[in-house]
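Q: Below you will find the structure I want to go over with you.
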Amino acid sequence: MDDSGNNMRLCRVPLCPRCFMKNRGKQTGIAIKRTFAGAANENMAFLTVLVPPTTDLKAVDPCMGRTETRLRNMIRNRRKTDPRWNTVRYTGWWEMERHDWKDFHGFGRNKKLAMESLGWPQFANRHDDTVWQPHLHAIVCLGGVSQDEFVEAVRAKGHGSPYQVNLKAFDHRKDVGNNIKSLVRYSMKFRIEADYKMSSAKLSWDGTALSLQRDWWKDKDIRDYVEWLMSKRGGFERLRTSVGGM
Ligand SMILES: [Zn+2]
């Protein structure tokens, strides 16, 4: 609150729980009421694109930029010859996952293949390095374009590694608004802990109280990540990208 006590000032740090919840609510509203208003489950899909993992956070911005440009150009080029692409639009959110270098050995088959072909870092002796693994989630309105066509177009534009691109149909049993809501939630995870789903969370007893052991990222990684988040355009804006939406 400011000095008068009437106006709330927001810090806009994506790792601030209050700003995070507020922003996610806003993004959900824009997606449902504006960007995808009137859309039907049949024309909607959820896109995930993996990009090369890296130990250098400075490499992430150029990589995000290249990916966003490629997707934008792909849609623009298709529109020149095929009017069905005029109705294609999407809103996406970048998500950052972190791993220890040695985590690679524990990945499942598909993730191993994907990370290997995207250039999982190879080291001589720096095995304690953090590997940052950015990826893009996007809610897509396909209009008259089929899911296969869309995936093939994305893959053909520099995203052809195994399991690099995934497109999932909307759940037809659920209302389209609810689908969008849960996908915005999923895309904008509060992610500075390894097991954010808490599937393997441990309960511990210290003699007086029961507490949940959460697996937070290392302090250094949280600090590096928030510095990176706040370094350009600032906070939430740098994580969001769209074509033909808001
Ligand atoms: Zn805040």
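Q: So what is the relative contact order of segment 17-243, in percent, for Cα pairs below 8 Å that sit 6 or more residues apart?
A: Numbers: 302 pairs, mean separation 71.6, N = 227.
Value for segment 17-243: 32 percent.
Q: As a check on your grasp of the helix formula, calculate [θ] at 222 nm for the chain: sum -39500 (n - 2.57) over DSSP H runs of n ≥ 4, divide by the residue count, round to the nearest 500. Before the final figure, lay out each step's value.
A: Numbers: 6 runs with 80 residues, N = 246.
The helix contribution divided over the chain gives -10500 deg cm²/dmol.
Q: Can you work out D for segment 35-132 in µm² s⁻¹ from Stokes-Einstein, where Rh is the Kirkwood radius over C-alpha pairs, the temperature is 37 °C and the viscosity is 0.692 mPa s? Each step should come with its number before you reach the end.
A: On the way: Rh = 16.2 Å.
Roughly 202 µm²/s, to the nearest whole number.
Q: Give the residue from Phe20, Gly108, Thr54 lying farthest towards the positive end of the charge dipole for segment 1-141; charges sit on Cβ (+1 for Lys and Arg, -1 for Asp and Glu) and the dipole is referred to the Cα centre.
A: Phe20
Q: Points 7 angstrom from Cα along the Cβ direction at Glu97 and Ala209: gap in nanometres?
A: 3.3 nm
Q: Something else now. Suppose all protein chains stay in the model; what accessible area per residue would a 1.4 Å probe give for the chain, in Å²?
A: On the way: 13520 Å² over 246 residues.
For the chain, the solvent-accessible area averages 55 Å² per residue.
Q: If the limit is 23 Å between Cα atoms, which of Lys33/Lys232; Lys33/Lys157; Lys58/Lys232; Lys26/Lys157; Lys33/Lys181; Lys22/Lys189 go over it?
A: Values: Lys33/Lys232 29 Å; Lys33/Lys157 31 Å; Lys58/Lys232 11 Å; Lys26/Lys157 31 Å; Lys33/Lys181 11 Å; Lys22/Lys189 13 Å.
Long pairs (Cα-Cα over 23 Å): Lys33/Lys232; Lys33/Lys157; Lys26/Lys157.
Q: Round to the nearest 0.05 the FRET efficiency obtained for Glu68 and Lys26 when R0 = 25 Å and r is the Cβ-Cβ distance.
A: It comes to 0.75.
Q: How compact is segment 109-198 by the rule of thumb for globular proteins, expressed as Cα Rg over 2.2 N^0.38 Å?
A: Details: Rg = 16.6 Å, N = 90, 2.2 N^0.38 = 12.2 Å.
Against the compact-globule rule of thumb, the ratio is 1.36.
Q: Shifting gears a bit: For every other residue with a beta carbon closer than 10 angstrom to the beta carbon of Ile222, add +1 if it is Lys or Arg and -1 if Asp or Glu, then tell me the sum.
A: It works out to a net charge of -1.
Q: Would you please give the FRET efficiency between Asn77 and Lys218, computed as 1/(1 + (r/R0)^6) with r the Cβ-Cβ distance and R0 = 41 Å, to the nearest 0.05? Mind dumping the intermediate values first?
A: On the way: r = 43 Å, r/R0 = 1.04.
About 0.45, to the nearest 0.05.
Q: Kirkwood-based Rg over Rh for the chain (C-alpha set), two decimals? Show your work: numbers first, answer last.
A: On the way: Rg = 19.6 Å, Rh = 19.8 Å.
Result: Rg/Rh = 0.99.
Q: OK, next. Mind checking which of Gly160, Gly143, Gly38 has the largest fluctuation in a GNM of the chain, springs on alpha carbons under 10 Å?
A: Per the Cα network of the chain with a 10 Å cutoff, Gly38 tops the list.
Q: Let me ask another. For segment 17-243, which whole percent of the accessible surface, found with a 1.4 angstrom probe, sits on carbon and sulfur atoms? Intermediate values should be presented prior to the final figure.
A: Values: 6090 of 12030 Å².
Percent of accessible area from carbon and sulfur atoms in segment 17-243: 51.
The values are calculated or read from the model by the stated rules, or taken from the named source; none is laboratory data. A quick note: this is a predicted structure, and the numbers were derived from the prediction, not measured. Because the Cβ atoms are built from the backbone with ideal geometry, glycine has one as well, and the counts that use them run over all protein chains shown. In case anyone asks, the SASA skips ligands and DNA or RNA and just uses the protein heavy atoms, side chains included. Shrake-Rupley method; radii C 1.70, N 1.55, O 1.52, S 1.80 Å.
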